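Since the structure comes first, as structure tokens, the remarks are kept for the end.
The values are calculated or read from the model by the stated rules, or taken from the named source; none is laboratory data. Here the structure is a predicted model, which is why all the values come from computation and not from measurement. Cβ coordinates were reconstructed from backbone atoms using ideal geometry, including for glycine residues, and neighbour counts include every protein chain displayed. All accessible areas refer to the heavy atoms of the entire protein, side chains included, with ligands and DNA or RNA removed. Shrake-Rupley method; radii C 1.70, N 1.55, O 1.52, S 1.80 Å.
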Amino acid sequence: MTCEEALVLLSGHLDGANTPEEEARLEDHLARCPDCRRILDAYSAMEQGILELSEEPPAQLHDRIMAAVAAEAKPSRRRRVRPAVMGLAAAAVLCLALGLGYLPRQTEESTEPVARVNNTLADALPVQEDPSAQEAAPAQEESPDVATRELPSSAAAPATFSVEPEAATESLLVELGDNAASPAVETIPQLEGQAVEVDGACGVYHFTLDAATVRQIIADYSELYGFRTHGDLENAADDTPCDLVIVCG
Amino acid sequence: MDTELVRKAAAGDSDAFEQLVLSYEKPIYNLCLRMCGNADDAMDLTQETFLKAWRSLGSFRADAAFSTWLYRLCSNLCIDHLRREQKRKILPLHVEDSDGDERPLDVPDPAAGPEERLSAQEDRQQVAAALQSLEPEYREALTLRVLHDLSYADIAAVLQVREGTVKSRIARAREKMREAMQKLGNKSTSPSSKQTRHERRDAP
Ligand SMILES: [Zn+2]
């Protein structure tokens, strides 16, 4: 066994995580290697040192926490997901994302041509930054039918979004995977303090953020929450406003 | 048991929530303290963690352990805090002199005898500085393992990585920390400390 392997087993030894076989091999190595014996001593001392870093919280902390809690309403339940309506909610969100993604952006910059508006998700959601398309004049009077921004009326999935499409030029729809048993949206720090439209019944969240932030969220949390994304922002400039729609289900 | 308190707290019972705060404020505070390195930020982050937990309890699902869920909230808040702080953070192993030159922190006096022990307070500062010098993911894994006595499996659940990753991350964290301790001048962590001391003594 090399000393490098021994380091891993030394760590496992301190954590009580080694198999008997690993322990035996480690013992064998330690018997022959004074360096690793010293490292074991050093690790043990560090262990003790770390334990001694434990501190009592400052006396006022508890009251501060409870005062902040008291200043809040009851714990929110509005973000609960009702699986029975998720299919409908997801469909509604697709409409929303489609309706939002390709509206002309009301700035002096060139914008996505309205011709891109498309009825299929596969065509519509991935954004391509086509240089020639950037020359196309923003045809605001040809904006897609506003009706596409309205969710299908349904008792099960009430349309509660009010959106400002002129601010958004990109869309990203994110579905949470099966491992998203935790309140994913609440734990994503970039979303904290952001204005959010919440469909109370369905666990559908709609944020408007810049593309860089959305990319960061996707990069940081895709693995954690099993994000399935529809559309990508590869070609969007960092400061491009982006509609981020998250569906928990 | 947490489950019953969590159920009551989720229904808006702040007395039940206070029991949870009492159980977890110390470990959460200590995780924040190790992650962010100072008491003020640690208090803020601890408060933020519990406030977020209170707000989100409605969507907590009982199939996960409450402690795991709480540590994960806390961990995400700490990591985000560190990202925000990153720019003005130089700390780890060097401090700046008033003239802007960097000098190593806590260089041991070469004239001091090898058996001379650091005071307990210096020792503690050195351990804290060495831990603080690790990258956050190493610092966090090692802290949760040693200070919070979480198993590899629990840490894997908090950090949402595989157990094998936890194991190797902690092993690497220990070695990085030992190296940091050596740089800080702690002789007991050096495998070839006699030689090092000899060289130092020969230096002009
Ligand atoms: Zn060895």
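The table for this structure:
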read-out: Identity of the residue in region A:1-18, within 12 Å of chain B (Cβ to nearest Cβ) and part of a loop (DSSP other than H, G, I, E, B), that ends up nearest to the ligand (Cβ to nearest atom); value: A:18
read-out: Failed item in (1) modelled with pLDDT of 95 or more; (2) among the β-branched types (Val, Ile, Thr); (3) open to solvent by 30 Å² or more (accessible area, probe 1.4 Å), with residue B:107 passing the rest; value: (1)
read-out: Residues (at pLDDT below 80 and within 11 Å of residue A:233 (Cβ to Cβ)) located in region A:202-219; value: none
read-out: Test result for residue B:29, more than 7 Å from every other protein chain (Cβ to nearest Cβ), under 16 Å from residue B:148 (Cα atoms) and at pLDDT 95 or above; value: no
read-out: Qualifying residue in region A:57-71 (condition: of a type in the set (Val, Ile, Thr), within 12 Å of the ligand (Cβ to nearest atom) and open to solvent by less than 30 Å² (accessible area, probe 1.4 Å)); value: no
read-out: Residue that is farthest from residue B:58 (Cα to Cα), among those in region B:12-23 that are more than 8 Å from every other protein chain (Cβ to nearest Cβ) and open to solvent by 30 Å² or more (accessible area, probe 1.4 Å); value: B:23
read-out: Residues of region B:160-175 classified as crowded, with 20+ Cβ neighbours inside 10 Å and of a type outside the set (Gly, Ala, Ser), total; value: 5
read-out: Residue within region A:228-238 that is at pLDDT below 70, of a type outside the set (Val, Ile, Thr), within 28 Å of residue B:65 (Cβ to Cβ) and in contact with a strand residue (DSSP E or B) (Cβ under 8 Å, 6 or more places away or on another chain) present; value: no
read-out: Selection count, region A:19-55, where residues are assigned to a helix (DSSP H, G or I) and away from the ligand (no atom under 15 Å from the Cβ); value: 12
read-out: Every residue from region B:52-69 that is of a type outside the set (Lys, Arg) and within 7 Å of chain A (Cβ to nearest Cβ); value: B:54, B:56, B:57, B:58, B:59, B:60, B:63, B:64, B:69
read-out: Search result, residues across region A:19-46 that are at the interface with chain B (Cβ under 7 Å from one of its Cβ atoms) and open to solvent by less than 30 Å² (accessible area, probe 1.4 Å); value: A:39, A:42, A:43, A:46
